[in-house]
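Quick notes on the structure that follows.
The values are calculated or read from the model by the stated rules, or taken from the named source; none is laboratory data. Computed from a predicted model, the values in this text were never measured in an experiment. Cβ coordinates were reconstructed from backbone atoms using ideal geometry, including for glycine residues, and neighbour counts include every protein chain displayed. Heads up: the accessible areas ignore ligands, DNA and RNA and are worked out on the full protein's heavy atoms, side chains in. Shrake-Rupley method; radii C 1.70, N 1.55, O 1.52, S 1.80 Å.
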Amino acid sequence: MQIKNYMEDLVWQRLDDVIATNTRACGCEKCRYDIAALALNFLPPRYTVTDQGETYTRIKSLEQQFNIDIITAITHAIQIVSKCPHHNEC
Ligand SMILES: [Zn+2]
């Protein structure tokens with residue numbers, strides 16, 4: 001058994017799609033992690049106890065519930081990170 005924040009999985013699932021549609025976004029490893037961390041700070045954590053095998057349906061229902069919030073949070077995070085990516089001097 002373990003405790004897991006499903007919101008992390010949902011953000012990672014969406015991250016590359018949202019970066020791909022946002023021309024200002026840098027898709028390097030560092031920026032992707034910065035964007036994911038920031039987006040997770042905007043979203044409510046969703047902790048669940050997981051047992052192997054029964055996780056998928058829960059992720060699916062959470063995904064539908066939070067889909068728009070997740071995309072909004074990632075887009076917001078991209079705007080912030082794009083202003084000052086860590087691999088640039090600013
Ligand atoms: Zn970058």
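Using only alpha-carbon positions, what ratio does the radius of gyration of the chain give when scaled by 2.2 N^0.38 Å?
Ratio of Rg to 2.2 N^0.38 Å for the chain: 1.16.
Where only protein heavy atoms count, and the probe is 1.4 Å, what is the accessible area per residue for the chain in Å²?
I get 65 Å² per residue for this part.
Let me spell out the model: positive unit charges on the Cβ of Lys and Arg, negative unit charges on the Cβ of Asp and Glu, origin at the Cα centre of the stretch 2-83. What dipole size does that give, in debye rounded to 20?
That gives the stretch 2-83 a dipole magnitude of about 240 debye.
Order 7, 1, most accessible first, counting only protein heavy atoms with a 1.4 angstrom probe.
1, 7
At a threshold of 8 angstrom on Cα-Cα distance, excluding pairs fewer than six apart, so keeping six or more, what relative contact order does the stretch 2-83 reach in percent?
50
Given 10, 76, 49, which one lies farthest toward the positive end of the charge dipole of the chain, if we put +1 on the Cβ of every Lys and Arg and -1 on the Cβ of every Asp and Glu?
Checked the options; the winner is 76.
Per residue of the chain, what 222 nm ellipticity follows from adding -39500 (n - 2.57) for every DSSP H run with n ≥ 4, rounded to the nearest 500?
It lands at -22000 deg cm²/dmol.
Pop out the carbon and sulfur fraction of the accessible area of the chain as a percent, whole number, probe 1.4 Å.
Reported share for carbon and sulfur atoms: 51 percent.
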